[in-house]
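For reference, the structure is listed below as C-alpha cells.
Readers should treat all values here as calculations from the given coordinates under stated rules, not as data from a laboratory. Being a predicted model, the structure only gives us computed values, none of them experimental. Note that we place each Cβ from the backbone using ideal geometry, even for glycine, and neighbour counts take in every protein chain shown.
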Amino acid sequence: MIHLQNLRLSYPGPDGQEAPVLALRDWRAARGEQLALVGGSGSGKTTLLNLISGLLKPNQGVVEVAGTDLATLGEARRDRFRAEHIGYVFQSFHLLDGFSARENVELGAVFAQGKPEPGRAAELLEAVGLGHRMNYPPSKLSVGQQARVSLARALMNKPEVLLADEPTGSLDPENAAQVLALLRDTAEAHNITLICATHDREVADAFPRCDRVEDLA
Amino acid sequence: MNAPRIVLRNLKRRPLATMLTTMSVSLGVALFAAVGNLREASESGFQRSAGLCDTLVGAKGSTLELTLNALYHMGQSQGNIPYSLYEEVRATPGVLWSVPMALGDSYRGYRIIGVTDDLFGRVHLSAAGREEAQEGLTFAEGKGFVHTAGDFVHIKEDLAAQEAEEAEEEAEEEGNDHSGHHHAHNHDAELFQAVVGARVAEETGLRLGAEFFPSHGVSGVSEEHDDAPATVVGILEPTGTPLDRAIYLPIGAYYVMDGHEPQEGMVEGGARDPRGLSAVMLGTKAGFYRAGIYRNLNDRLDAMAVYPSVEVRKLFEIVGTGDLVLRWISVLVVVVALLGVMVAIYNTMGARRKEFAILRALGARRRSLLGLVVSESALLGFFGGLLGLLLAGILVMLVGEQVRALTGVAVEAWPGLPELWLLLAVTVAAAFAGLVPAMAAYRTETAHALASQS
Ligand SMILES: Nc1ncnc2c1ncn2[C@@H]1O[C@H](COP(=O)(O)OP(=O)(O)OP(=O)(O)O)[C@@H](O)[C@H]1O
Ligand SMILES: [Mg+2]
C-alpha cells in the first residue's frame, strides 16, 4: 500500500547549507494496517506524513502510495491524488470558522473529482456521534467534538490512507481515548491504512505496530 | 458545499468590507453609466423633437437659440421674420409643407403658439425608440382646429386692408381719437379654438370645451387677453416632445388679439415687425431641393434657415466634452474603488493563510486557491457593477423626469448591450485587481502554514 524507498529530504538551513531533515531506507505499510509513528520533537514525524500525503516532495527516493510514485508527480497531480486517496486529521483539527460542522465536512470533497453522494456529510457526522450538532460552527463545539468533525471531514472522500498528526495532542485523556478508539474503529471498518504520529506513549501502545522515526534511516 | 459557495461565504464573513467595497465600486459605475445614458437618452430625445421638421426659418441670429426657442420653447425669441417671407417660402419648389409660428403668449407658464393646421397633419414624429417617422399627430380627445394657410393669408390681407383704411381715416380726421378701433373686427369663435399638449391638459386641467384666457408674454404673470377666450377643441396624445407642453391656436388669432397690433414707433419689416412671424417650420424634399432652400434663405439679410437636427447634434457635441470629463472622473472613481477591493482582500490574506493551507491539505490546488480569491474580487466588482447600474437607472429616471418637466423631451434609457459590457468590464477589472492578493494565496507554503500556530 505504502512503500518508501531511499527517501531523503533536506531544507536549506539558516546558514544556506542543506540541512537533512529525514532519511528513510525502506519503509512499508500494508493496506488496512494501523501503526503509530513516534520520535523526538523535530525528528520528522510531521514531515513524513506530509511526504505520504504529497504535500512535500522528497529530494530523492520513491514515495509509492496506492500504486502511484508521488515523487514523480507534479504538484497539481499530487494535490489531486491527496484529494482522492488521503484523509488528514490534524492536532488542532483545523476546522474553518464561518462554515458549519456539516459544511466543514463537505469541504473535504470540494476539491476531489466527482460529486459526493448527497447526505454523506450528515451520515459521517451521525457516525461520529454529532448528528445533533451539524449546523454548529466549530467555535461552538467542544474540542472533542471538533476532533470528530475533523475525522468526518477526512473520511469524506473514502480515503485509502488516513494520516493523523497528534490527533489527541489537545485532548484530555478521556476524550483522547474516545477519539483514538473512533479513529481505529473507523479505519478498521473501512479497511483504511491508519498512520498516527504521536508523542504519547499510551497512544502509541494502543497500536499493534509502532515505528520510531529515528530508527528508520 | 462547492467552490462558488465558498467564495460567497467568504464575502459574507466580512459583511462590512464587502458592503463598503461594493458600494464604492457602484458609485463609480453609477456615475459612468448615468452620464453616458443621460447624454445619449437626452440627445435621442432632443433629436426626436428636432425631427418634427427638417428645416426651420427664423430671424437672423444664433442658430441654436432659434432652434431652442422655436422647437423646444426655451429662451427668448430673437425677433421676427417678415410675413412676406412665409408666402415666398410657401411657393418655393421643393417645399412640401410649412407651418408658420407665432410665439409670445402663454397660459399658466405654458407657451401658446400660433400655427396653421398643417402642424397636425404634416409634422413628422418617430415613435420613441423607432426610426421611421409617422406623419401627423394623433389626438387623445377631440380634434385639431381647421386653420389652413389660405385662412391665415386671408386674415392677414383683411388686416392689412383695415390698417390702410385706418391710416387713411387718420390722415383725414387729424387729431381725432380713434381708440377702440381695433376691436372693430368680430372675433370669430372659430379663430379662438385651441389644441393643447398632453402635459398641459394634465397639469392645468384644461379639458375639451374648457375656455381660458391667454396672457401676453411667455414668462410669469402678465396681462390677460380678456377679450379673447379660447376654447379647447383637441388634446394631443403624449409625444415625449415639447409638443406636450404647448398650446396651439390658429395663427390668425394671434394677429387679431388685442396687444398684438402694431403700435407707434414699431418698424415695419425689421426683426421687430409686429406683423411678422416668429419662425416657419418647413418640410422639404430631401437632397438637392433642401440644400438649395437652405442656401437661398441664408443668403438673405432678413432671415436664416437651420437644420434642427444639426443644431441638436452641435449642442450635444458641446455637452459631450463635459460629459467626457465626467466619464474620465468616473473611471478614476472605479479604479480607486477597485484598488480598495484589492487592499481589502489583501488585508485578509495573513489571517487566511492557515485556511488556505487547510484547503490545500484537503486537496485544493494552488490554482484553486488563486481562483477562489480572484472570484471573490470579481464578485465584488460584479455586485458593485450591478448595484451601480441600478443606481444609474434611478438617477437617469429622476434626471430624465426633470428634463421632461422642463422641456417636454422624453429622456428614456433602457439597459442594453453597453451596460452588459460595462458590467463585464468592471467584473474583469476586479478579477485582475484580485490577482494581487490571489498571488499571496497561491504562494502559501502549505506544510509550513499548517505547522504554525495561529
Ligand atoms: N520549512 C522548513 N524549513 C526548514 N526546516 C524545516 C522546515 N519545516 C520543518 N523543518 C525541520 O524539519 C525537522 C522535522 O520537523 P517535523 O515538523 O517533521 O518534526 P516533528 O517530528 O513533527 O516534530 P514535533 O513532534 O515537534 O511535531 C525539524 O528539525 C524542523 O526544524
Ligand atoms: Mg509534528
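Counting Lys and Arg as +1 and Asp and Glu as -1, what is the net charge of the other residues whose Cβ lies under 14 Å from the Cβ of A:N6?
0
For the stretch A:180-190, what does the Karplus curve 6.51 cos²θ - 1.76 cosθ + 1.60, with θ = phi - 60°, yield as ³J(HN,Hα) per residue in whole Hz, taken in order and with x for Gly and Pro?
4, 4, 4, 4, 5, 5, 4, 4, 5, 4, 9
Test of understanding: what is the full-extension gain from A:S10 to A:R201, defined as 0.36 nm times their sequence separation minus their Cα-Cα distance?
Difference between extended and current length: 66.0 nm.
Picking from B:V403, B:G114, B:V325, whose Cα lies most toward the positive end of the charge dipole for chain B (charges on Cβ: Lys, Arg +1; Asp, Glu -1)?
Going by the Cα projections, it comes out as B:V325.
Calculate the length of the line joining the C-alpha centroid of the stretch B:368-417 to that of the stretch B:48-78, in whole Å.
The distance from the Cα centre of the stretch B:368-417 to that of the stretch B:48-78 comes to 34 Å.
What are the residues whose amide H is under 5 Å from the amide H of B:V411, where those residues sit 5 or more places off or on another chain and H is modelled from the backbone?
B:R404
If you add up the charges near B:V233, with Lys and Arg at +1 and Asp and Glu at -1, over every other residue whose beta carbon is less than 12 angstrom from its beta carbon, what do you get?
Summing Lys and Arg as +1 and Asp and Glu as -1 gives -2.
Per residue of the stretch B:281-298, in order, report the coupling 6.51 cos²θ - 1.76 cosθ + 1.60 (Karplus, θ = phi - 60°) as ³J(HN,Hα) in whole Hz, putting x for Gly and Pro.
Karplus values, whole Hz, x for Gly and Pro: 8, 10, x, 10, 5, 5, x, 3, 4, 4, 4, x, 4, 4, 5, 4, 5, 6.
Quick query: amide H of A:K158 versus all other amide H atoms, modeled in the peptide plane; which residues come in under 5 Å with a sequence gap of 5 or more or a different chain?
Result for A:K158 returns nothing.
Summarise the partner chain shielding of B:1-8 as one whole number: the mean count of Cβ atoms from other chains within 10 Å of each residue's Cβ.
4
What distance in nm separates the two pseudo spin-label positions at B:E445 and B:M397, each 7 Å out from Cα along the beta-carbon direction?
Spacing of the two 7 Å Cα→Cβ label points: 5.6 nm.
If I model a spin label at B:R313 and B:R108 as a point 7 Å from the Cα along the Cα→Cβ vector, what separation in nanometres do I get?
That separation, rounded to one decimal, is 4.0 nm.
Can you list residues whose amide H is under 5 Å from A:Y136's amide H, if they're 5+ apart or on another chain and H is modeled 1.01 Å from N?
A:A101, A:R102
Mind giving me the FRET efficiency for B:R300 and B:L417? R0 is 41 Å, r the Cβ-Cβ distance, nearest 0.05 is fine.
0.35
Rank the residues A:D165, B:D302, B:D158 as a footprinting-exposure proxy: fewest other Cβ atoms within 10 Å of their Cβ go first.
With the fewest neighbours first, A:D165, B:D302, B:D158 line up as B:D158, B:D302, A:D165.
How far, in nm, would the chain grow between B:A351 and B:E169 when pulled straight, counting 0.36 nm per residue and subtracting the alpha carbon separation?
Result: 55.2 nm gained on full extension.
Indicate the gyration tensor shape class of the stretch B:334-454 (rounded, prolate or oblate), computed on the Cα atoms with a ≥ b ≥ c the square roots of the eigenvalues: a/c under 1.5 is rounded; otherwise a/b larger than b/c is prolate and the rest oblate.
It is prolate, given that a/c is not under 1.5 and a/b is the larger ratio.
Whole-Hz ³J(HN,Hα) for each residue in the stretch B:409-416, computed from phi via Karplus 6.51 cos²θ - 1.76 cosθ + 1.60 with θ = phi - 60°, x for glycine and proline: what do you get?
Per residue, the Karplus-derived 3J(HN,Hα) values read 6, 6, 10, 10, 10, 10, x, x Hz.
Going 7 Å from the Cα of A:Q178 in the Cα-to-Cβ direction, what parts of the stretch A:110-127 have a backbone nitrogen less than 18 Å from that spot?
Only A:124-127 fall inside the zone, counting backbone N under 18 Å.
What pairs in B:K60/B:K143; B:K143/B:K314; A:K115/A:K140; A:K45/B:K354; B:K143/B:K285 have C-alpha atoms more than 31 Å from each other?
Over 31 Å Cα-Cα: B:K60/B:K143; B:K143/B:K314.
For B:W421, B:W97, A:W27, what's the fewest-to-most ordering of other Cβ within 10 Å of each Cβ?
The order, fewest Cβ neighbours first, is B:W421, A:W27, B:W97.
For the residues B:C53, A:C196, what sequence is obtained by ranking on other C-beta atoms within 10 Å, fewest first?
Neighbour counts put them in this order, fewest first: B:C53, A:C196.
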